[in-house]
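Worksheet for the structure shown next.
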Amino acid sequence: MKPANERVMQCLGSFGIEFEIRILPAAVRTAKLAADALGCEVGQIANSLIFRNRTDEQAVLIMCAGDRRVDLRKVKLQNGFELGKADAEFVRRQTGFAIGGVPPVAHAMPLRCLLDESLQRHAEVWAAAGTPESVFRMSPAQLHTITGGVWQDLAED
């Protein structure tokens, strides 16, 4: 395991929930590639999407199912956030991880976290574990526990 995976594993262990980090043979930088590698539905991939809040220049983490897209209009209506794209440098500085491997936990700085309700339709979901070739499985309830995120309808209709 790489140091990034160990950081994620240590953080996950602090919740008293046992998780297994799975290292895949190659990087899976899209939800489709991850689902193919894991033999699951694309919607079971919990994408960690980092946005830049234009109001305070802080990062916002939105966890969304891999078969959905975040509707930034809904995010603004529900939270007041004016979100913009986050470049690779911003993502690494805020999270400590590279795009494609950002996990839902163990970030360099505390992040506001929103969870799209579309993830709740699955008994288990998969998220990045610190590198583009690593993932771990959990229930949506466990995702809520480890992120402290708020469930909202954030996906495009």
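Counting the residues of region 54-66 that are touching a residue at least 40 places away in the same chain (Cβ under 8 Å) and either assigned to a strand (DSSP E or B) or under 18 Å from residue 136 (Cα atoms) (or both) gives 7.
Cβ separations smaller than 7 Å between residues 6+ apart or across chains give the following pairs from region 84-106 residues that are touching a residue at least 24 places away in the same chain (Cβ under 8 Å) to residues that are of a type in the set (D, E, K, R) and in a helix (DSSP H, G or I): 98/92; 106/7.
Results for (1) of a type outside the set (A, V, I, L, M, F, W, C); (2) surrounded by fewer than 21 Cβ atoms within 10 Å (Cβ to Cβ), shown as yes or no for each residue.
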{"position": "54", "(1), (2)": "yes, yes"}
{"position": "63", "(1), (2)": "no, no"}
{"position": "67", "(1), (2)": "yes, yes"}
{"position": "84", "(1), (2)": "yes, yes"}
{"position": "101", "(1), (2)": "yes, no"}
{"position": "129", "(1), (2)": "no, no"}
{"position": "150", "(1), (2)": "no, yes"}
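Residues that are under 14 Å from residue 106 (Cα atoms) and under 11 Å from the mean Cα position of the chain (by Cα) within region 119-134 comprise 127, 128, 129, 130, listed in sequence order. The strands (runs of 3 or more DSSP E) found wholly in region 76-148 and carrying at least 1 residues that are farther than 15 Å from residue 66 by Cα occupy 83-85, 112-116, 134-138. Within the set 101, 84, 148, 96, the sole residue that is under 22 Å from residue 38 (Cα atoms) and of a type in the set (Gly, Ala, Ser) turns out to be 101. Considering the conditions (1) outside any loop (DSSP other than H, G, I, E, B); (2) at positive phi, residue 46 is excluded by exactly one of them, (2). Quick check: is even one residue across region 7-24 in contact (Cβ under 8 Å) with a residue 40 or more places away in the chain, farther than 19 Å from residue 125 by Cβ, aliphatic (A, V, I, L, M) and outside any helix (DSSP H, G or I)? No, region 7-24 contains no residue that is in contact (Cβ under 8 Å) with a residue 40 or more places away in the chain, farther than 19 Å from residue 125 by Cβ, aliphatic (A, V, I, L, M) and outside any helix (DSSP H, G or I).
Exactly one residue out of 46, 88 is among the small types (Gly, Ala, Ser), under 17 Å from residue 29 (Cβ atoms) and surrounded by fewer than 14 Cβ atoms within 10 Å (Cβ to Cβ), and it is 88.
Every number here is computed from the coordinates shown, using simple stated rules; none is lab data. These numbers were taken from a predicted model, which means no experiment stands behind them. Cβ atoms come from the backbone with ideal geometry, glycine included; neighbour counts cover every protein chain shown.
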